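The values are calculated or read from the model by the stated rules, or taken from the named source; none is laboratory data. Small disclaimer: the values here were computed from a predicted structure and weren't measured. Counting neighbours? That spans all protein chains shown, and the Cβs are built from the backbone with ideal geometry, glycine included.
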Protein chains: 2
Amino acid sequence: MIKTKAYAAQNAKTPLAPWSFDRRNVGDMDVLIDIEYCGVCHSDIHQARDEWGGAMFPMVPGHEIIGRVIEVGKKVKKFKVGDRAGVGCMVDSCRECSACRADLEQFCEKGASLTYNSLELDKVTPTQGGYADKIVVDEAFTLKIPDNLDAAATAPLLCAGITTYSPLRHWKIGKGHKVGIIGLGGLGHMGVKFASAFGAETIVITTSPDKAEDAKRLGASGTIISRDADDMAKHIGSFDFLLNTVAAQYDPAPYLNLLKHDGTMAVVGVPNKPLNLHLFSVIMGRKTLAGSLIGGIAETQEMLDFCGKHNITSDVEIIPIQHINEAYERMIRGDVRYRFSIDMQSLKTA
Amino acid sequence: MIKTKAYAAQNAKTPLAPWSFDRRNVGDMDVLIDIEYCGVCHSDIHQARDEWGGAMFPMVPGHEIIGRVIEVGKKVKKFKVGDRAGVGCMVDSCRECSACRADLEQFCEKGASLTYNSLELDKVTPTQGGYADKIVVDEAFTLKIPDNLDAAATAPLLCAGITTYSPLRHWKIGKGHKVGIIGLGGLGHMGVKFASAFGAETIVITTSPDKAEDAKRLGASGTIISRDADDMAKHIGSFDFLLNTVAAQYDPAPYLNLLKHDGTMAVVGVPNKPLNLHLFSVIMGRKTLAGSLIGGIAETQEMLDFCGKHNITSDVEIIPIQHINEAYERMIRGDVRYRFSIDMQSLKTA
């Protein structure tokens, strides 16, 4: 479990103005991170373009942050100057509700402070993300990064990695399971790597026949083309678990039909509009449709340690910050295999 | 587990014509039951009126059957003449698929033989249900009825009872859980009895304020009026489990909001059209929407034994068969507390 509220209270922070673009001073329990790379998540686009509503500007997106510690507060214990450090989707939470106590800070009952487009727990100071040279974060929400992992390729683990690792762990996926990863993008390609690393028979379910080769390279034993009804029919009732990463509208029934009785489809992608779910799809076979959202801090560290041990990173295309708008357009077209990672050195040449 | 296919093969049956209204002869492993009462399930209406399509006529509805054994086949071991006997929604299944081997005959991969409007495993002989004086059923699909239970009030346990008992058991509901039963009808009133018998804090969630008194009498500790947004708001994030028995269209989001993180809403009612499910409803809090369908034969027997021990039966209004059409109309209006049970003696006065 992360440090308690009583402990966190020692890290008193001075609120910044609501329109602030500044970083706060390094508090007693904060680390100052010099950012090396920041991954580009689809949610960056939604928020930068205010597609979800309620966006707070000025906004610095980015919640897949990798860098090095260059300053530590005087009570910091986990980090020293020079250490590698990572920051994901959250920078603080209440630390005392039932969710926080269960290591599920992402479901903090008082609302976790997200890394950007959010507020610190003071509910005044805006948070700003990783498309930046530096960031100040409480050590309790800062992750340790294994030495052997490449920085650019590790950045996306902080969101895409934990988002797929967590449900596969929660539903105890491993040897003997037949697992389908629906959608092969930023999330899906990590799902394939983890599910196969956990020993499951891993099948990619995609609309794109041209991704079959990649699927194999990433660890899948096969591919099902979801638009091919005959291909889908061959696999009805055969899957233990499906991880659905699709964020476009879809009919869940053909996927639920792929599950064995008592099988689960966990969704991590969020289509903009509600799906049409006929309840027969879950009643026949006592099936489960469940959601999952990133993962808690302890589990994110566990995931990073697992990646270090098994040498797992994301497949990235490195870009300078100057190419971010083009990168957004390419992501919308699905034209990236499989994640952009911004080299923050490029900020210095701006 | 119920008897294997090899064992069942000894009970060879002569197929009857597809339009048959006859009962088959009593096979070596069959029992002949003199029907005393048959409960009236909402699905009887859907099927008698062909609202689900594919109805087979002539049709004798009824799958909540209670009676006495009046003849047994020569290899029958579980029953003797004079024993009480019950029949629920199924009369046979393949007995060898993974579902049957898991005591989940309702999900038999080859399709279970339902009690009526279905076919025997020969896929030719129609099955006919309990609005009748007698029925012939394989002993493996015939339930034993505890002596202390009233026949009329026990009949609905065979469908409404097991439909609510099974998910509460599957999701291990008991002491320390806060459980919501959504909808107080034939299914819901059994859900309240079981959830409270299992030791859970049980709350009825209903559109009808006039059912609060009944809810309490049935074992609930409180009632939430689902149309009252303030009432609902008081309970956000507080339930461990919801059993949703509603068969009308509804928005699942306000119910899912009532769950704690990692909570489950199990649905047993089937609205005619798909529901609109926004995936944020399950992603926030890692919630589960799952289905459940009656229960297997072993679990149905377990439920009946539990009811015998705890003296649990359904609240019924007894009718003669001559009133069945009126009863259907009243059920559609929700005008029954909480299940009709047909006295089959009335057939003799027809």
- Note on the structure: Condition set in contact (Cβ under 8 Å) with a residue 60 or more places away in the chain and crowded, with 17+ Cβ neighbours inside 10 Å, scope the stretch B:94-109, selection nearest to the chain's Cα centre (by Cα): answer is B:GLN106
- What about A:LEU259, is it more than 8 Å from chain B (Cβ to nearest Cβ), crowded, with 21+ Cβ neighbours inside 10 Å and touching a Lys or Arg at 6+ places or on another chain (Cβ under 6 Å)? yes
- Regarding A:MET90, is this residue surrounded by 19 or more Cβ atoms within 10 Å (Cβ to Cβ) and among the hydrophobic types (A, V, I, L, M, F, W, C)? yes
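Mind telling me which of the residues B:LEU32, B:LEU16 ends up being at pLDDT 95 or above and either surrounded by 19 or more Cβ atoms within 10 Å (Cβ to Cβ) or farther than 30 Å from B:THR164 by Cα (or both)?
Exactly one residue qualifies, and that residue is B:LEU32.
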- Message: Condition first: at the interface with chain A (Cβ under 7 Å from one of its Cβ atoms) and either touching a residue at least 24 places away in the same chain (Cβ under 8 Å) or part of a loop (DSSP other than H, G, I, E, B) (or both). Now tell me which residues in the stretch B:282-297 satisfy that.
- Response: B:VAL282, B:MET284, B:GLY285, B:ARG286, B:LYS287, B:THR288, B:LEU289, B:ALA290, B:GLY291, B:SER292, B:LEU293
- Scan the stretch B:281-333 for residues that are surrounded by fewer than 18 Cβ atoms within 10 Å (Cβ to Cβ), hydrophobic (A, V, I, L, M, F, W, C) and out of contact with any strand residue (DSSP E or B) (no Cβ under 9 Å at 6 or more places or on another chain) and report the count. 2
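Among what's in the stretch B:265-281 and is more than 8 Å from chain A (Cβ to nearest Cβ) and touching a Lys or Arg at 6+ places or on another chain (Cβ under 9 Å), pick the residue that is nearest to B:SER226 (Cα to Cα).
For the stretch B:265-281, the residue satisfying everything is B:MET265.
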- Task: For A:PHE107, indicate whether it is under 20 Å from B:ILE283 (Cβ atoms) and assigned by TED's automatic domain parsing to the domain that holds A:GLY130.
- Result: yes
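Closer than 15 Å to A:ILE173 by Cβ and either at pLDDT 95 or above or not β-branched (Val, Ile, Thr) (or both) - does that describe any residue in the stretch A:208-219?
Yes, some residue in the stretch A:208-219 is closer than 15 Å to A:ILE173 by Cβ and either at pLDDT 95 or above or not β-branched (Val, Ile, Thr) (or both).
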- Only one of B:GLY183, B:GLY130, B:GLY88, B:GLY188 is under 30 Å from B:LYS260 (Cα atoms), in contact (Cβ under 8 Å) with a residue 40 or more places away in the chain, more than 14 Å from chain A (Cβ to nearest Cβ) and within 18 Å of the chain's Cα centre (by Cα), namely B:GLY188
- Message: For the stretch A:298-321, which positions are out of contact with any Cys (no Cβ under 9 Å at 6 or more places or on another chain), within 13 Å of A:MET190 (Cα to Cα) and not in a helix (DSSP H, G or I)?
- Response: A:ASN311, A:ILE312, A:SER314, A:ASP315, A:VAL316
- Item | Filter result for B:GLY334 (modelled with pLDDT under 95, touching a Gly at 6+ places or on another chain (Cβ under 8 Å), outside any helix (DSSP H, G or I) and farther than 26 Å from B:ALA99 by Cα) | yes
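Yes/no per residue for (1) under 19 Å from A:LEU32 (Cα atoms); (2) of a type in the set (A, V, I, L, M); (3) out of contact with any Gly (no Cβ under 7 Å at 6 or more places or on another chain); (4) not assigned by TED's automatic domain parsing to the domain that holds A:ILE33:
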{"site": "A:ILE45", "(1), (2), (3), (4)": "no, yes, yes, no"}
{"site": "A:GLU51", "(1), (2), (3), (4)": "no, no, yes, no"}
{"site": "A:MET56", "(1), (2), (3), (4)": "no, yes, yes, no"}
{"site": "A:ASP92", "(1), (2), (3), (4)": "yes, no, yes, no"}
- Query: Regarding A:GLY308, is this residue in contact (Cβ under 8 Å) with a residue 12 or more places away in the chain and within 14 Å of chain B (Cβ to nearest Cβ)?
  - Reply: no
